[in-house]
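The values are calculated or read from the model by the stated rules, or taken from the named source; none is laboratory data. On a predicted model such as this, the values are computed, not experimentally measured, just so you know. In this analysis, Cβ positions are derived from the backbone assuming ideal geometry, glycine residues included, and neighbour counts consider all displayed protein chains. To get the accessible areas, we keep the full protein, side chains included, count just its heavy atoms, and leave off ligands, DNA and RNA. Shrake-Rupley method; radii C 1.70, N 1.55, O 1.52, S 1.80 Å.
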Amino acid sequence: MAGCALWHRACSPAGFDHRFDTGTFPREPWRGLVPAMTVEVALARVECFDALAATWRQLEAEAADPAFFQTWTWVGCLAGERYPDPVLLRAEERGRLVGLALFNRRHGQLCLTESGDTALDAPFIEHNAPLLARDAGPQVLGALLQAAWRHPGIRRLRLGGVPPEVLRAAGGTVLRLQERLAPVVRLDAVRAAGRGYLGGLSANTRYQLRRSARRYAEQGGVALRRAATEAEALEWLDALIELHGQSWRRRGKPGAFGNPFMRRFHRALVARALARGEVDLFRLDAAGEAAGYLYNFRLRGRIYAYQSGFADSGADPHAKPGLTCHHLAVEQALAAGDREYDFLAGADRYKLSFANATVPLLWAEMVPAWSGAGLVARLMGAIRRQGAA
């Protein structure tokens, strides 16, 4: 079993470091499954996001397969506003950095890569997790998350958009939990099947896509273009936001971009990500006009379909700008040699019709296992399980 010393860096002007014993990590569920290894976790308030950026980017380059939402492009975007009371956990093995987790402290809880404030968290995070080095074992994930409970005054952990292994590693009791499936197109599986992308879809989906393509062909053809410059990307983002908003306002709702911070965040994010080749703003041109827009992230062969906006097809119900736009984007990803086209959380019908796999993502609020709230939650869970038996 791995021993873990937790270093608490006090937020005093003198920068005094205080070391105290926190027991051993990892605890269950890795007992006896990993070799003994010392993991040291330093807990500190972030004083300078610019300094953290360099450290984060260094570990990001050494990570095996990070999600876009774990990169500093996302985590560091408007960080000074999104994390008003930041806490950083830094894991080392034999003096080498192997893990980072950024939390914000709010009302007695630590929120992983979120603020805990609804307005500031409007930019929806998914595939959320601590950033780990390529060779970091599961004991590092457990050490980072379980060390969060040692922060003074913390009564809860909020883990949003995380894979199940993050929840298992946290070591507390789940108070609230929501699971959402993220439909995914495994592009390598499409290539291996040898039937082309359309050949693997249902007969109904193939029919709708082909009928839509014929209708657009009758109107002069259709093309998917990628924004080539920052100015063009921001212009298309504004157009996407307007079309997205129109669609939701017809249903009596403001839509994802009704929050002013959401707009400002994504304009800043597009500028950051475009410079690193981590964002695609697509425009679907049909009959000489914009029929829709896609806002996708990309990282190491994985595409994340984050947001979209489509024009109302009006009197032509057979023209499907959304289906056509995503279909062309998937075909482009296949041709480029990408590995995945991830529709992100939400089991919408169109997502499931395109996907060949699903990935579970969890939103959870956790409390210490032996706290009063934890004991009550466990008791209620046992009662529910007994009633269902």
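Listed values, structure above:
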quantity	calculated
Any hit, the stretch 95-107, residues being part of a loop (DSSP other than H, G, I, E, B) and in contact (Cβ under 8 Å) with a residue 12 or more places away in the chain	no
Candidate set from the stretch 353-373 (those that are surrounded by 12 or more Cβ atoms within 10 Å (Cβ to Cβ) and farther than 19 Å from Q178 by Cβ); member that is modelled with the lowest pLDDT	S371
Selection within the stretch 189-215 - over 27 Å from G337 (Cβ atoms) and of a type in the set (F, W, Y)	Y207
Residue within the stretch 117-131 that is among the hydroxyl-bearing types (S, T, Y) and in contact with a helix residue (DSSP H, G or I) (Cβ under 7 Å, 6 or more places away or on another chain) present	no
Complete set of residues in the stretch 218-244 that are farther than 13 Å from A291 by Cβ, touching a residue at least 40 places away in the same chain (Cβ under 8 Å) and either part of a helix (DSSP H, G or I) or open to solvent by 80 Å² or more (accessible area, probe 1.4 Å) (or both)	R226, E230, E232, A233, L237, I241, E242, H244
Yes/no for A133 being among the small types (G, A, S) and in contact (Cβ under 8 Å) with a residue 60 or more places away in the chain	yes
Residue match in the stretch 291-301 (condition: closer than 17 Å to R211 by Cβ, surrounded by 17 or more Cβ atoms within 10 Å (Cβ to Cβ) and in contact (Cβ under 8 Å) with a residue 60 or more places away in the chain)	yes
Condition check for A192: of a type in the set (A, V, I, L, M, F, W, C) and free of Cβ contacts under 8 Å to residues at least 60 places away in the same chain	yes
Within the stretch 251-266, considering residues that are small (G, A, S) and touching a residue at least 12 places away in the same chain (Cβ under 8 Å), the one surrounded by the most Cβ atoms within 10 Å (Cβ to Cβ)	A256
Residues of the stretch 170-180 classified as exposed (fewer than 14 other Cβ atoms within 10 Å of the Cβ) and more than 18 Å from the chain's Cα centre (by Cα), total	1
Test for L328: is it closer than 20 Å to P183 by Cα, touching a Cys at 6+ places or on another chain (Cβ under 8 Å) and aliphatic (A, V, I, L, M)	no
Qualifying residue in the stretch 302-323 (condition: more than 23 Å from the chain's Cα centre (by Cα), of a type in the set (F, W, Y) and open to solvent by 10 Å² or more (accessible area, probe 1.4 Å))	yes
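One line per residue, one yes/no per condition, for (1) open to solvent by 20 Å² or more (accessible area, probe 1.4 Å); (2) outside any strand (DSSP E or B); (3) charged (D, E, K, R):
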{"position": "G142", "(1), (2), (3)": "no, yes, no"}
{"position": "L145", "(1), (2), (3)": "no, yes, no"}
{"position": "P152", "(1), (2), (3)": "yes, yes, no"}
{"position": "L157", "(1), (2), (3)": "no, no, no"}
{"position": "V166", "(1), (2), (3)": "no, yes, no"}
{"position": "A182", "(1), (2), (3)": "no, no, no"}
{"position": "T205", "(1), (2), (3)": "no, yes, no"}
{"position": "A213", "(1), (2), (3)": "yes, yes, no"}
{"position": "Y216", "(1), (2), (3)": "no, yes, no"}
